[in-house]
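Below is one structure; the comments refer to it alone.
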Amino acid sequence: MPCLSALLSDTVQAAFTAAGLPAELGQVKLSDRPDLGQYQTNGALAAAKLARKPPRAVAEGVAEILDGDPRLAGVSIAGPGFINLTLTDAFLAAHVADLAADDRLGVEAVRDPQTVILDFGGPNVAKPMHVGHLRASIIGDSLQRLFRHLGHRVISDVHLGDWGYPMGLLIAEMARRRPDLPYFDAGFQGPYPADSPVGLEDLEALYPEAAAAAQAEPERRRQASAATAALQSGRPGYRALWQHFLDISVAAMKRDFDALGVHFDLFKGEADVDPLIAPMVERLADHAIAERDEGALVIRVAEDGDKAEVPPLILEKADGGVMYATTDLATIVDRVTAFDPDLVLYVVDQRQHLHFEQVFRAARRGAISGHARLEHIGFGTMNGTDGKPFKTRAGGVMKLQDLLSMATEEAEARLGEAGLAADYPAEERAEIARLVGIAAVKFADLQNWRMSNYIFDLDRFMRFEGRTGPYLQYAAVRIRSLLRKAAAQDLRPGAILPPEAPVERDLMLTLARLPDAVAVAAAKRAPHELCDYAYDLAQGFSRFYAACHVLSADDADRQASWLMLAHTTERALDRLLDLLGIAVPERM
Ligand code: ARG
């Protein structure tokens with residue numbers, strides 16, 4: 001079913017055409033001045049120039065044509081020529097009834113589904129997932145859900161960091177500590193041990209120690225680079241050791257992602273495209289797209305009109321080692337071959353913007369990306385109260401796992417304070433706390449325009465009032481409980497009647513906006529649009545419910561209509577929270 005703004009745009013565009021004006025100027029949007037009208041069109045202002053008439057006169061001409069429309073209760077003109085539209089209550093109610101009867105709540109699937117690859121998450125082997133990866137995962141997952149809901153064919157890929165210098169750093173460090181291991185014996189005939197010489201904790205401790213040592217000693221950096229190049233060129237012992245690192249890390253990552261409720265179609269990494277690198281590099285060199293520069297192979301990507309310098313992309317270092325950008329380019333080759341995508345979205349920290357600009361330009365120059373549109377979906381940082389990227393109290397990176405336990409604990413405490421879930425079985429209560437904790441963290445992240453930085457404040461995220469995940473979960477749960485109480489008295493949702501009370505009309509108008517919110521969120525790749533709308537809807541319902549006493553209404557038809565509004569609101573909140581990756585407990 002078409003959404004209300006589209007229906008009204010059709011009507012007003014037809015009126016523009018009838019008035020001899022370009023149809024596209026008749027685009028209708030929500031009113032900026034709800035006191036004057038519910039929807040508005042500003043097209044008369046632009047049309048005035050073409051028609052060489054004063055804008056008000058143009059607006060009056062259009063208004064006259066619209067006047068007879070049975071769906072419109074009022075057409076008025078404001079200011080220099082804004083046309084304000086108010087719907088009849090009967091039309092509004094009929095529209096919301098259609099939406100309520102629709103499985104998709106009025107959100108139409110796109111007519112031209114695209115193949116969309118979503119690259120997000122991006123944790124690195126041997127390093128614990130930290131809050132930066134948390135943002136990528138939360139935002140990426142929401143976009144994955146949103147695009148899928150709109151009917152696109154979505155393929156999500158975690159794109160592990162498993163092939164760069166940090167791998168060589170770890171191998172060099174192990175060689176130093178355990179030179180006796182067969183991985184370092186060039187003459188070893190195999191097979192290599194099936195069990196890893198290190199566990200997850202050793203591995204996580206190894207990386208920062210090795211990194212600090214390399215920072216201090218150039219010789220160690222040289223060794224790490226050499227080990228990286230040897231790994232990449234296939235030295236069997238290094239590969240075998242690396243495979244252990246990979247297996248241990250991936251198991252831990254999968255556990256973390258599961259806890260967060262984030263899933264990927266592909267769990268591929270940089271290393272997976274290793275076999276594609278040599279042929280790609282050769283082709284780029286043959287076509288003179290890659291050139292030698294001081295021993296390294298680079299692609300020049302600066303363009304006329306660049307405001308800041310865009311340095312060449314380094315494809316291959318002088319020692320043969322490949323870089324982050326190289327694996328990203330080879331991954332495009334891989335994805336284009338496997339999926340022929342229309343769109344690839346990279347949900348990655350905005351601080352990597354230059355990297356993606358280089359990669360995208362090189363992909364275009366090298367004709368690597370097929371017809372795919374490549375987009376970097378950047379985001380800002382999650383900061384501590386000191387305004388710097390969030391750290392633990394001890395100053396280290398906060399592990400995702402620890403962050404989630406902290407959130408669950410805080411949620412337990414808050415449920416207790418609010419007297420929620422008090423007499424439920426311990427197991428159910430623990431599960432509710434877990435869901436509330438995750439909702440708090442996810443919503444707090446998603447409700448900001450993704451490019452903004454925000455301050456991590458669990459205390460604020462966890463409140464049951466205001467713009468929070470827990471508030472919205474609770475709003476949905478309360479409506480469910482209302483519907484259960486009604487059902488227990490044999491009261492069921494029924495036909496939606498034209499609104500009488502202003503809060504009832506407002507709730508209907510808000511419900512009718514759902515498809516617009518979803519469309520805008522997808523177009524801007526901006527889940528915060530869903531958050532804003534979900535909050536408006538919950539607030540609208542709460543105002544409605546305060547004024548319209550559903551359970552004690554004396555008119556049975558009105559009561560059934562109200563129950564249908566409640567039911568539809570609850571479905572909408574559930575749907576929106578699901579698009580945000582937030583699950584709603586059955587009860588709280
Ligand atoms: N592993 C990278 C990091 O931690 C993120 C990967 C993002 N995706 C990509 N295709 N480069 O910074």
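Please verify whether ALA186 is assigned to a helix (DSSP H, G or I), surrounded by fewer than 21 Cβ atoms within 10 Å (Cβ to Cβ) and at pLDDT below 95, treating the condition exactly as stated. Answer is no for this residue. Here ALA212 meets each of (1) more than 36 Å from the chain's Cα centre (by Cα); (2) open to solvent by 30 Å² or more (accessible area, probe 1.4 Å); (3) among the small types (Gly, Ala, Ser) with one exception, condition (1).
Could we say that ILE171 is more than 16 Å from the ligand (Cβ to nearest atom), in contact with a Ser or Thr (Cβ under 7 Å, 6 or more places away or on another chain) and either open to solvent by less than 40 Å² (accessible area, probe 1.4 Å) or closer than 30 Å to PRO70 by Cα (or both) here? Taking the combined requirement at face value, the residue does not satisfy it.
Could you say which residue among ALA367, ALA411, ALA422, ALA440 is farther than 27 Å from ALA126 by Cβ, touching a Gly at 6+ places or on another chain (Cβ under 9 Å) and assigned to a loop (DSSP other than H, G, I, E, B)? It would help to see each step written out before you state the result.
Numbers: ALA367 fails: touching a Gly at 6+ places or on another chain (Cβ under 9 Å); ALA411 fails: assigned to a loop (DSSP other than H, G, I, E, B); ALA440 fails: assigned to a loop (DSSP other than H, G, I, E, B).
Within the list ALA367, ALA411, ALA422, ALA440, the selection yields ALA422.
In the set ASP319, ASP272, ASP247, ASP334, only one residue is open to solvent by 20 Å² or more (accessible area, probe 1.4 Å), of a type outside the set (A, V, I, L, M, F, W, C) and outside any helix (DSSP H, G or I); that residue is ASP319. Quick check: is even one residue across region 358-370 under 27 Å from LEU266 (Cα atoms), open to solvent by 10 Å² or more (accessible area, probe 1.4 Å), among the aliphatic types (A, V, I, L, M) and out of contact with any helix residue (DSSP H, G or I) (no Cβ under 8 Å at 6 or more places or on another chain)? Yes, region 358-370 contains at least one residue that is under 27 Å from LEU266 (Cα atoms), open to solvent by 10 Å² or more (accessible area, probe 1.4 Å), among the aliphatic types (A, V, I, L, M) and out of contact with any helix residue (DSSP H, G or I) (no Cβ under 8 Å at 6 or more places or on another chain).
The number of residues in region 141-157 that are touching an Asp or Glu at 6+ places or on another chain (Cβ under 8 Å) and either assigned to a helix (DSSP H, G or I) or within 11 Å of the ligand (Cβ to nearest atom) (or both) comes to 2. Would you say GLY161 is modelled with pLDDT of 95 or more and either within 16 Å of the ligand (Cβ to nearest atom) or over 30 Å from MET508 (Cα atoms) (or both)? Yes; evaluated as a whole, the condition is true for this residue. VAL503 satisfies every condition listed in (1) open to solvent by less than 10 Å² (accessible area, probe 1.4 Å); (2) part of a helix (DSSP H, G or I) except (1). Selection of region 336-373 for residues being closer than 19 Å to GLU282 by Cα and among the charged types (D, E, K, R) yields ARG361, ARG364, ARG365. The set of residues in region 327-352 being among the acidic types (Asp, Glu) and away from the ligand (no atom under 11 Å from the Cβ) consists of ASP334, ASP340, ASP342.
Given VAL301, VAL281, which one is assigned to a helix (DSSP H, G or I), open to solvent by less than 40 Å² (accessible area, probe 1.4 Å) and farther than 30 Å from ASP141 by Cα?
Values: VAL301 fails: assigned to a helix (DSSP H, G or I).
Selected residue: VAL281, the only one of VAL301, VAL281 that is assigned to a helix (DSSP H, G or I), open to solvent by less than 40 Å² (accessible area, probe 1.4 Å) and farther than 30 Å from ASP141 by Cα.
Might you let me know whether region 535-544 holds any residue that is open to solvent by less than 30 Å² (accessible area, probe 1.4 Å) and outside any helix (DSSP H, G or I)? Break it down stepwise before answering.
First, the residues of region 535-544 that are open to solvent by less than 30 Å² (accessible area, probe 1.4 Å): 537-538, 540-541, 544.
From what is left, the residues that are outside any helix (DSSP H, G or I) are none.
The answer is no; no qualifying residue exists.
Taken together, the residues in region 470-500 that are exposed (fewer than 15 other Cβ atoms within 10 Å of the Cβ) and either in contact with a Ser or Thr (Cβ under 7 Å, 6 or more places away or on another chain) or aliphatic (A, V, I, L, M) (or both) amount to 3.
Give the residue that is nearest to the ligand (Cβ to nearest atom), with candidates limited to residues of region 304-316 that are part of a strand (DSSP E or B) and at pLDDT 95 or above. If you could, list the steps in order and put the result at the bottom.
Going through region 304-316, the residues part of a strand (DSSP E or B) turn out to be 313-316.
Narrowing the set further to residues that are at pLDDT 95 or above leaves 313-315.
Values: LEU313: 13, ILE314: 15, LEU315: 15 Å.
Here the residue is LEU313.
The set of residues in region 204-232 that are among the hydroxyl-bearing types (Ser, Thr, Tyr) and out of contact with any Phe, Trp or Tyr (no Cβ under 9 Å at 6 or more places or on another chain) contains only TYR207. For PHE360, are the conditions met, namely being within 16 Å of the ligand (Cβ to nearest atom), free of Cβ contacts under 8 Å to residues at least 24 places away in the same chain and within 23 Å of ARG525 (Cβ to Cβ)? It is true that PHE360 is within 16 Å of the ligand (Cβ to nearest atom), free of Cβ contacts under 8 Å to residues at least 24 places away in the same chain and within 23 Å of ARG525 (Cβ to Cβ).
The values are calculated or read from the model by the stated rules, or taken from the named source; none is laboratory data. Values in this document were obtained by computation on a predicted structure and should not be read as measured data. Cβ: placed from backbone, ideal geometry, glycine included. Neighbour counts: every protein chain shown. Each accessible area value is taken on the protein alone, full model and side chains, heavy atoms only, with ligands, DNA and RNA left out. Shrake-Rupley method; radii C 1.70, N 1.55, O 1.52, S 1.80 Å.
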